[in-house]
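Read through the structure below, which is laid out as C-alpha cells, and then see the notes.
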Amino acid sequence: MKHLLSIDEVGTDGLRHLLDLSDHMAEINRRPVPKVPALRGKTVVSLFFEDSTRTRLSFETAAKRLSADTMTFSVSTSSVNKGESLRDTIETVAAMGVDAFVVRHMSSGVPWQISRWTEASVINAGDGWHEHPTQALLDCYTIRTALNRPDGFEGLHIAIVGDIKHSRVARSDVWAFAALGARVTLVAPETLLPPSLDGWPVDVAHHIDDVVSKVDVLYMLRMQRERIHEALVPSLREYTSRFGLTPDRAGRLRQHAIVMHPGPMNRGVEMAVDPSELPGSVIAQQVTNGVSVRMAVLFQLLGSGSGLAGEAS
Ligand code: NCD
C-alpha cells in the first residue's frame, strides 16, 4: 500500500490488519513516554486547504509519536494566496524531501490528483463529500474496543443519522462497517440522502425514533451547514425534532448501546443532549483512538519493516 485515498481500496483484510496494528499503537500510547523511533528520518507534511482541528492535530501527534519530522502547510500564509497552482505548491514542498502528504481539501479527488504529481505517499484526510478513510478506521477501532468485537461486527446494528448527502464520513463509514459485517441503517430526510443509494450496503429510515431503541451504535452526523447551499430542511428546529438526539431519546437507547459523533458537534441541533451526560458516549474515545489509527496508517505506509521495538531518543 503506497497511498490511502479511499477506504474500500484497503480491502477487508487490510482493514482488519490496520485495526490490529492500531492495538499496538494504542499500547505505545499508554506508555509513560508514548514515543518510538519507527519513522525516524521520515518527513510528514500536513497540507490542509480546509479548516480542521482534530484531524490535523491527530495526524501531527501520530507522526511525532513515531519520531517522524512534521511540517505544516497553512494555506492562509502560503503562496497559494499569490496564485500559485496546486501542482506548483506540491512540487515545491516535495522538493524539500517529503515522505508523506496528509491532504484535506474541499474538492473531491484532490488527494488522488496529488498522488499523480509526487513520489511521496498521499493520505486523504477528507476530500469534499467523497471520503475520509482515517475517520472510518478510527470509528471501526472505537466500536471494536468499546463493544469488545475484535473479530468483526457480525450481528451489530449501526444507525448513521443525519446529513448523509454531504458527508464524506458516512461514505467511508458505510463501506467499512459493512465490510466488517455490521447491518447499517441510514436515517435522514430524503433531501439529505444521496440522489442514488445503488450499491450502498444499507437500509433507510426516515425518523430517528424508528431506530433509537434497537441499535447497538447510534452514529450522529454533523449538519454540514457550510456545504449546504439550498434549503434542504424546513428549519433546524424541525430537523432536531425528527433527527436530533434529545434526552428523551437518549433514555430509550439500549443499555449497552454507544453514541458516536465525528465532531465538530452542533450542540442543540443534532446533539440536543449534553454528551457528558450520556453514559454510552464514546465521542472522546474516538478522538483518542484517532491518534493510534493514524500511527498505524503512517507506519503501514512509511515503515521500513524494522518493527516497532525500541525507545525513541
Ligand atoms: C469531519 C470532517 O471534517 O469530515 N470531521 C472530522 O474530520 N472529525 C466531519 C464533519 O466535518 O462533520
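Results for (1) modelled with pLDDT of 95 or more; (2) open to solvent by 10 Å² or more (accessible area, probe 1.4 Å); (3) within 14 Å of Ala272 (Cβ to Cβ), shown as yes or no for each residue.
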site: Leu197; (1), (2), (3): yes, yes, no
site: Val202; (1), (2), (3): yes, yes, no
site: Val217; (1), (2), (3): yes, no, no
site: Met220; (1), (2), (3): yes, no, yes
site: Pro247; (1), (2), (3): yes, yes, yes
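Can Ser213 be described as free of Cβ contacts under 8 Å to residues at least 24 places away in the same chain and either under 20 Å from the mean Cα position of the chain (by Cα) or assigned to a loop (DSSP other than H, G, I, E, B) (or both)? For Ser213, the condition - free of Cβ contacts under 8 Å to residues at least 24 places away in the same chain and either under 20 Å from the mean Cα position of the chain (by Cα) or assigned to a loop (DSSP other than H, G, I, E, B) (or both) - is not met.
Within the stretch 215-231, one or more residues are hydrophobic (A, V, I, L, M, F, W, C) and more than 29 Å from Ser58 (Cβ to Cβ). Residue selection: Thr12 satisfies the criterion of being of a type in the set (Ser, Thr, Tyr), over 15 Å from the mean Cα position of the chain (by Cα) and closer than 21 Å to Arg144 by Cα. When the stretch 250-293 is examined, which residues are found to be assigned to a helix (DSSP H, G or I), open to solvent by 10 Å² or more (accessible area, probe 1.4 Å) and modelled with pLDDT of 95 or more? Scanning the stretch 250-293 gives Ala250, Ile283, Ala284, Gln285, Val287, Thr288, Asn289, Val291. Any residue that is within 19 Å of the chain's Cα centre (by Cα), outside any helix (DSSP H, G or I) and under 25 Å from His105 (Cα atoms) - is there at least one of those in the stretch 170-191? No, the conditions are met nowhere in the stretch 170-191. Checked against (1) under 21 Å from Lys165 (Cβ atoms); (2) within 16 Å of the ligand (Cβ to nearest atom); (3) at pLDDT 95 or above, Asp210 passes all but a single condition, namely (2). Scanning the stretch 179-193 for residues that are away from the ligand (no atom under 16 Å from the Cβ) and over 17 Å from Ile158 (Cβ atoms) turns up Pro189, Glu190, Thr191.
Under the condition of being open to solvent by less than 50 Å² (accessible area, probe 1.4 Å) and closer than 26 Å to Asp99 by Cβ, the residues counted in the stretch 113-152 number 22.
From the list Pro111, Pro150, exactly one residue is within 28 Å of Ser304 (Cα to Cα) and not assigned by TED's automatic domain parsing to the domain that holds Val291. Which is it?
Just one listed residue meets the conditions, Pro150.
On the stretch given as the stretch 157-185, residues that are touching a Phe, Trp or Tyr at 6+ places or on another chain (Cβ under 8 Å) and open to solvent by less than 20 Å² (accessible area, probe 1.4 Å) total 14.
The values are calculated or read from the model by the stated rules, or taken from the named source; none is laboratory data. Fair warning: this is a prediction, and the values are worked out from it, not measured in the lab. For neighbour counting, all protein chains shown are included, and Cβ atoms are generated from backbone atoms with ideal geometry for every residue, glycine included. Quick note on the areas: whole protein, heavy atoms, side chains included, nothing else; ligands and nucleic acids left out. Shrake-Rupley method; radii C 1.70, N 1.55, O 1.52, S 1.80 Å.
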